[in-house]
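The values are calculated or read from the model by the stated rules, or taken from the named source; none is laboratory data. In this text, all values refer to a predicted model and were calculated from it rather than measured experimentally. All Cβ positions, glycine included, derive from the backbone under ideal geometry; neighbour counts span all protein chains shown.
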Amino acid sequence: MTASTQGPLAGLSVVELAGLGPVPFAGLLLAELGADVVRIDRPGGNSPLGQSGGLGRSRPSIAVDLKHPEGLATVQRLVDRADVLIEGLRPGVTERLGLGPADCLARNPRLVYGRMTGWGQDGPLAQRAGHDITYAAITGALHLTGPAERPIAPVNVLADFGGGTLYLVVGILAALHSRETTGRGQVVDAAMVDGVASLVTMFYGLLASGSWQDRRGVNLLDGGVPFYDTYECADGRFVAVGALEPQFYAELLDGLGATFEHAQYDPNGFAAQRDAFTRLFRERTRDEWAEHFSGTDACVAPVLSLAEAPTHPHLAARHTFADLDGHPVPRVAPRFSDTPALPPTRERAIGADTREQLLARGFTAEEVVALLASGAVVQS
């Protein structure tokens, strides 16, 4: 069987209203999975591209002044031909621009309209500002992370990208599947608070069953047990230990040359285990321990930095990272046997593709010249 070079979402047309964080990442994922994504950027002013952290890659940019009547009309024409629109503005902003769901679905009833916000389209906080840490805070998710003394945000992967981008993409794909049956598009209201709450479903279930204490640092997966934690090594770097199962714990003890009076899960022995692990791991460097435990099922791994991770032998063998302009970047996941995802390509400057993309999307040369002359669109 010969693999396709188009990606599993080949043939899907997506219009992305440029923004920060979760929506650009959604555009990146859809594009590298093969969708035809075009980013609508605002000409001039503060560019989200410069703050995108590499999330603007793999798709072209059209610079459009949405406050110009012809600029608005240009985007409306693009949406008329699209399968999906994604936007991450505050509730009501696209409505005021004339690009709200009612406007777009009236013109294109098969459109899937993906909306990404922190608080959602309604509710008491819908119009308030927020960030990953605040969305995670009110769902209980932030309460789960960090040491016993205080919660610590795990950078902004929890709500922005986990509860935000990934749920937006799942919602879009679900709505596209539904369209195959109904023939109708719909609005996908992806709120980070909803998504991050969903991410911690298991912990709400464990709490309900009495298997989780509602405080940090005393549970199975939050550092409360010594065999699921991180330990400093002789060089000041760390290893991660995740030997939950008895057979893996046995390999851990064998590798460390340790024995204990109490059984693995007996809380009376946790202090002795932790003291011993802390002392033993400080006897060698991180990489010496990684080598020592290689080939075992002790579930010991080096804690690698961002600079180190791309060269790890396993990630290198799987080509988890690609080289882009001399820098490693993670490839899109997951993997497909017949329609593999596309390799990442460099970010395009705002408006770099305006003329080419409009011509490719049904605009005549005369129309493009007129739009450029009016200032409704800009070619960089």
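Observations, loosely collected:
Conditions (1) in contact (Cβ under 8 Å) with a residue 60 or more places away in the chain; (2) exposed (fewer than 14 other Cβ atoms within 10 Å of the Cβ), marked per residue:
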residue: L304; (1), (2): no, no
residue: A317; (1), (2): no, yes
residue: P328; (1), (2): no, no
residue: V378; (1), (2): yes, no
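- Residue check for A301: over 23 Å from the mean Cα position of the chain (by Cα), at pLDDT 95 or above and either farther than 22 Å from A234 by Cα or of a type in the set (G, A, S) (or both): yes
- Single residue of the stretch 259-276 satisfying the filter (of a type in the set (D, E, K, R) and surrounded by fewer than 16 Cβ atoms within 10 Å (Cβ to Cβ)) that is farthest from Y228 (Cα to Cα): E261
- Filtered residue count, the stretch 232-244, keeping only those that are within 11 Å of W289 (Cβ to Cβ), within 33 Å of the chain's Cα centre (by Cα) and of a type in the set (A, V, I, L, M): 3
- In the stretch 243-261, the residues that are in the same structural domain as A301 (by TED's automatic domain parsing) and among the hydroxyl-bearing types (S, T, Y) form Cβ pairs under 8 Å with partners that are in a helix (DSSP H, G or I) and surrounded by 14 or more Cβ atoms within 10 Å (Cβ to Cβ), at six or more places apart or across chains, as follows: T259/L253.
- Residue match in the stretch 63-81 (condition: touching a Gly at 6+ places or on another chain (Cβ under 6 Å), among the β-branched types (V, I, T) and in contact (Cβ under 8 Å) with a residue 40 or more places away in the chain): yes
- Among the residues making up the stretch 275-294, those that are outside any helix (DSSP H, G or I) and more than 31 Å from the chain's Cα centre (by Cα) are R282, E283, R284, T285.
- Test: residue in the stretch 245-261 that is outside any helix (DSSP H, G or I) and within 35 Å of the chain's Cα centre (by Cα): yes
- Some residue of the stretch 188-200 being of a type in the set (D, E, K, R) and assigned to a loop (DSSP other than H, G, I, E, B): no
- Across the stretch 80-123, the qualifying residues are those that are basic (K, R) and in a loop (DSSP other than H, G, I, E, B), and the one among them that is farthest from Y135 (Cα to Cα) is R81.
- Lone qualifier among A352, A322 - being surrounded by 12 or more Cβ atoms within 10 Å (Cβ to Cβ), out of contact with any helix residue (DSSP H, G or I) (no Cβ under 9 Å at 6 or more places or on another chain) and not assigned by TED's automatic domain parsing to the domain that holds G19: A322
- Answer residue from the stretch 66-103, given it is surrounded by fewer than 20 Cβ atoms within 10 Å (Cβ to Cβ) and acidic (D, E) and is farthest from R184 (Cα to Cα) among those: E70
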